[in-house]
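Working notes, structure below.
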Amino acid sequence: MAFFTYFDRDDVSFPKAAEFFRKASHEEREHAEKLARYQNKRGGCVRYSDIKCPKKTEFNGLEDAMNTALSMEKAVTDSLLKLHAIASKNNDPALTDFIESEFLHEQEEAIKRFADYLTETQRVGKGLGEYLFDKLTLNE
């Protein structure tokens, strides 16, 4: 949500970027719900911890935001891979399959998308380049 609210501000005003990040935030929330439902289905107990405020809520343009988002996607993928390794170590093929089929492929696609967008924002530069990126690329 930090990305969405930043780009939705009147002093930043990148509406397509705001919508792109709003959808990405919604997708991540759906992933958390999917994991919780799976744990409940398997007879587990979901334990919640405090959700920390993002380290970064202000960005120096689209390039900075895409770089930050890419780092976050990589961190999520690393966490999923660690969970997958624990499931493998404990001989839990159902969980390894669940992680592979529900999350890992999608994470690879997200990393590729953010890496592509990062490269494109670096190429177009600030100012008019960011404006055109917001209008044309994120409108796909």
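Scanning the stretch 80-96 for residues that are over 30 Å from Phe59 (Cα atoms), surrounded by fewer than 14 Cβ atoms within 10 Å (Cβ to Cβ) and either of a type in the set (Ser, Thr, Tyr) or under 21 Å from the mean Cα position of the chain (by Cα) (or both) returns a single hit, Ser88. Of all residues in the stretch 119-140, exactly one satisfies the criterion of being aliphatic (A, V, I, L, M) and either in a loop (DSSP other than H, G, I, E, B) or at pLDDT 90 or above (or both), namely Leu138.
Does Phe103 count as in contact (Cβ under 8 Å) with a residue 12 or more places away in the chain, surrounded by 16 or more Cβ atoms within 10 Å (Cβ to Cβ), among the aromatic types (Phe, Trp, Tyr) and part of a helix (DSSP H, G or I)? The answer is yes for Phe103.
Checked against (1) over 18 Å from Lys23 (Cα atoms); (2) modelled with pLDDT of 95 or more; (3) assigned to a helix (DSSP H, G or I), Lys112 passes all but a single condition, namely (1). Give Ala69, Ala75 a once-over and let me know the one that is of a type in the set (A, V, I, L, M), under 30 Å from Leu128 (Cβ atoms) and under 12 Å from the mean Cα position of the chain (by Cα). Result: Ala69 is the single residue among Ala69, Ala75 that is of a type in the set (A, V, I, L, M), under 30 Å from Leu128 (Cβ atoms) and under 12 Å from the mean Cα position of the chain (by Cα).
Would you mind stating whether Asp50 is of a type outside the set (A, V, I, L, M), within 30 Å of Gly125 (Cα to Cα) and free of Cβ contacts under 8 Å to residues at least 24 places away in the same chain? So Asp50 does not fit the description; no. Of a type in the set (D, E, K, R), farther than 25 Å from Ala32 by Cβ and not in a helix (DSSP H, G or I) - does that describe any residue in the stretch 52-60? The answer is no, given that none of the residues of the stretch 52-60 is of a type in the set (D, E, K, R), farther than 25 Å from Ala32 by Cβ and not in a helix (DSSP H, G or I).
Here the condition is being surrounded by 14 or more Cβ atoms within 10 Å (Cβ to Cβ), in contact with a Pro (Cβ under 9 Å, 6 or more places away or on another chain) and among the hydroxyl-bearing types (Ser, Thr, Tyr); of Thr68, Thr5, Thr77, it holds for Thr68 alone.
The values are calculated or read from the model by the stated rules, or taken from the named source; none is laboratory data. The shown structure was predicted, so the numbers you read here are calculated from the model rather than taken from an experiment. Cβ coordinates were reconstructed from backbone atoms using ideal geometry, including for glycine residues, and neighbour counts include every protein chain displayed.
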